[in-house]
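Peer 1: Sharing a structure with you now.
The values are calculated or read from the model by the stated rules, or taken from the named source; none is laboratory data. Fair warning: this is a prediction, and the values are worked out from it, not measured in the lab. Neighbour counts run over all protein chains shown; Cβ positions are idealised from the backbone, glycine included. Just so you know, the surface numbers come from the protein's heavy atoms only, side chains and all, with ligands and any DNA or RNA stripped out. Shrake-Rupley method; radii C 1.70, N 1.55, O 1.52, S 1.80 Å.
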Amino acid sequence: RYGVVMAESRIAGIPVRIFTPKGMRDHGPLLLNLHGGGFVVDAGSITENAAVAALTGYRVVAVRYRLLPEHRFPAATDDALTVYRALLRERKAGAIGVYGTSAGAILSAELVARLRAEKLPLPAALGFFSGSADLSRFGDSVTLFADPATVVAIGRQYAGDRDPADPLLSPIRGDLAGWPPTLCIASGRDFLLSATAEFCRALDKADVPAKLLLFDGLPHAFWSYVDAPETDAAFTAMARFFRARLTDRK
């Protein structure tokens, strides 16, 4: 459908899937994706990325990070950081974007928090799609569209022995000033709608360019339903955001 070539590979020892679109410029921008799946399965490293690669014309690197129950925080963030460091050897940070859906959105925000803590260059743009930046609490939409006990249990399992309020786990509890421009996407029946909107408001309060795009009457991470017409609209918005924010330089 999109004419994108996918290749299984490894970067710095971490398994990845690399999506290369037709006509890609040799030294054009790169995107790093962290897939969804509740930290337990890979539920999006293909479906989240083929369209974005095609619509942006950028190579997308999907990190196949370590999963629960064997690997708790910070294993997945460590894997993402390892790949990001490797990409920095190929491109300046201004030519790199980071995005993720659901668990991947959580990890994307945690990656930015980790980069700040280690004083590494931040990506030029962050895509935060149906996620949460606060594992210490969950908003009203969880009670409406999910089983709160299950959501809390997954969060606790992922955090392990770490305090969920730690800003490396819950970036909204840290300093957000200077974060990358961020596109937040959620939907009206998304159990993480509250958390996504709360993070977008917090970024805006910190004077970070942040935009919340809300789709009506659709479930969590609806763009995983690749044939839905709203899915095309969501991917188009994602691509437009990255194309406007990433610089085309090595």
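Peer 1: Pairs needed: first member in region 39-59, at positive phi; second member anywhere, among the small types (G, A, S) and assigned to a helix (DSSP H, G or I); C-beta distance under 6 Å; at least 6 residues apart or different chains.
Peer 2: F39/A103
Peer 1: Give all pairs with beta carbons closer than 7 Å in which a residue from region 85-108 that is buried (at least 24 other Cβ atoms within 10 Å of the Cβ) meets a residue that is of a type in the set (K, R) and not in a loop (DSSP other than H, G, I, E, B); count only pairs at least 6 apart in sequence or on separate chains.
Peer 2: Short answer, once both residue conditions are applied: G97/R245.
Peer 1: With of a type in the set (K, R) and out of contact with any Ser or Thr (no Cβ under 8 Å at 6 or more places or on another chain) as the only criterion, which of R201, R243 stands out? Steps first, please.
Peer 2: Details: R243 fails: out of contact with any Ser or Thr (no Cβ under 8 Å at 6 or more places or on another chain).
Just one listed residue meets the conditions, R201.
Peer 1: Now for a different question. Given the conditions (1) in contact with a His (Cβ under 9 Å, 6 or more places away or on another chain); (2) farther than 29 Å from A239 by Cβ, which single one is not true for A62?
Peer 2: Evaluating A62 over (1) in contact with a His (Cβ under 9 Å, 6 or more places away or on another chain); (2) farther than 29 Å from A239 by Cβ leaves (2) as the failure.
Peer 1: Does any residue of region 202-210 turn out to be open to solvent by 20 Å² or more (accessible area, probe 1.4 Å), in contact with a Cys (Cβ under 7 Å, 6 or more places away or on another chain) and either free of Cβ contacts under 8 Å to residues at least 40 places away in the same chain or under 24 Å from G38 (Cα atoms) (or both)? Let's see the steps before the verdict.
Peer 2: Step one: list which residues in region 202-210 are open to solvent by 20 Å² or more (accessible area, probe 1.4 Å), which gives 202, 204-207, 209-210.
Narrowing further to those that are in contact with a Cys (Cβ under 7 Å, 6 or more places away or on another chain): 210.
This time we only want the ones that are either free of Cβ contacts under 8 Å to residues at least 40 places away in the same chain or under 24 Å from G38 (Cα atoms) (or both), so: 210.
Yes; the residues of region 202-210 include at least one that is open to solvent by 20 Å² or more (accessible area, probe 1.4 Å), in contact with a Cys (Cβ under 7 Å, 6 or more places away or on another chain) and either free of Cβ contacts under 8 Å to residues at least 40 places away in the same chain or under 24 Å from G38 (Cα atoms) (or both).
Peer 1: Here is a list: R66, R10. Which entry is modelled with pLDDT of 95 or more and in a loop (DSSP other than H, G, I, E, B)?
Peer 2: R66
Peer 1: Report yes if some residue within region 232-242 is open to solvent by less than 60 Å² (accessible area, probe 1.4 Å), more than 29 Å from G178 (Cβ to Cβ) and without any contact (Cβ under 8 Å) to a residue 60 or more places away in the chain; otherwise report no. Give the steps one after another, and end with the answer.
Peer 2: Our first condition is that a residue be open to solvent by less than 60 Å² (accessible area, probe 1.4 Å); within region 232-242, this holds for 233-235, 237-239, 241-242.
Next cut, more than 29 Å from G178 (Cβ to Cβ) only: 233.
Applying the additional criterion that residues be without any contact (Cβ under 8 Å) to a residue 60 or more places away in the chain yields 233.
Yes, region 232-242 contains at least one residue that is open to solvent by less than 60 Å² (accessible area, probe 1.4 Å), more than 29 Å from G178 (Cβ to Cβ) and without any contact (Cβ under 8 Å) to a residue 60 or more places away in the chain.
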